[in-house]
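Every read-out reported here was derived from the displayed coordinates using simple, explicitly stated rules and does not represent laboratory data. Computed from a predicted structure; not experimentally measured. Note: ideal-geometry Cβ built from the backbone for every residue, glycine included; neighbour counts use all protein chains shown.
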Amino acid sequence: MKKYISKSLLMMLFCIASGIKAQQKISGRVVTGNDLDLAPALIVNISSGKSILSDMSGKFEIEAKENDEIRFVKEGYYRSDKKINGEDFKTPLNIILRRMEIQIPEVKIKYKPTGNLAKDNQHFNESRKLQSLKSDMESYMRSPLNEPLPNNTISKTFTGHDFNAGQVNVLGVLGAVSGLVKKATKPKITKANYNETQDFFKRVKTQINLSFLTKYGMDEEQIDTFLLYAEKTRALAKRFRKDFQISEIEYELKVAFAEYSKTNRLEGNTE
């Protein structure tokens, strides 16, 4: 009997220890070397699939086990990978991300300079007639009006009888009241904190149709990176976390993606 109890006790202690080990967390800070860049970084546990965002100062905390691979991603910086060992649970991590180099597109000059300044200037500079025309147009637009603008209305002589004269516009009154009620009931727009931003991203990924991203071959990590870009440029969590308008959020994401695709190389759907 005692032997059976001892085995049960050892099994219970083993399960508790395994649970504690599974629930370990690592913490630290993501540093970029640019104090003006306060956008959060994406931290992904590649082994478990869990991901979080650091706060505005770069601090983070994420569940991990020994030998898990943690990836740190931030727009405009090279990503960094870290394999977790036992010592990483004792002291905070200090992750340094290195900024990507900006490649300036090549400029092709069709006109080959001759070395003759007078001739080359005629080719590159605007003609004197065009410069004079622009100067005259600018002066005209800045000059005051000489005559008052005409009143853009139709004379009563050419209008029919107004049967609504003296009547109360019921539809107009109801529309005005409806507008006031909507304005009063609509939640006030306030800045989103870290947890509110995280919750907003989760709703976006579960309730918004992101097929316009996946058709370009974007995986979950690339989509998370794009959502960070959209949040930074469009302030989505601030504007829509309290009033989650799916159609408006999808429109804002597509507007942000149009700009994002100009500076990020994407692979189109080959199906």
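Below 12 angstrom from the Cβ of residue 257, what's the summed charge of the other residues (Lys, Arg +1; Asp, Glu -1)?
Result for the local shell: +1.
Which shape class applies to region 194-271: rounded if a/c is under 1.5, otherwise prolate when a/b exceeds b/c and oblate if not, where a ≥ b ≥ c are the square roots of the Cα gyration tensor eigenvalues? Could you put the intermediate results ahead of the total?
On the way: a/c = 1.83, a/b = 1.69, b/c = 1.08.
Because a/c hits 1.5 or more and a/b exceeds b/c, region 194-271 counts as prolate.
Please compute the length gained on full extension between residue 50 and residue 129, using 0.36 nm multiplied by the number of residues separating them and subtracting their Cα-Cα distance. Could you put the intermediate results ahead of the total?
Details: separation 79, 0.36 × 79 = 28.44 nm, distance 6.49 nm.
Answer, rounded to one decimal: 22.0 nm.
Judged by the ratio a/c of the largest to the smallest principal axis of the C-alpha gyration tensor, region 25-96 counts as prolate, that ratio being 1.5 or greater while a/b is larger than b/c. For the residue pairs 25/188; 59/205; 82/254; 191/215; 74/215, the alpha carbons lie more than 29 Å apart in 25/188; 82/254; 191/215.
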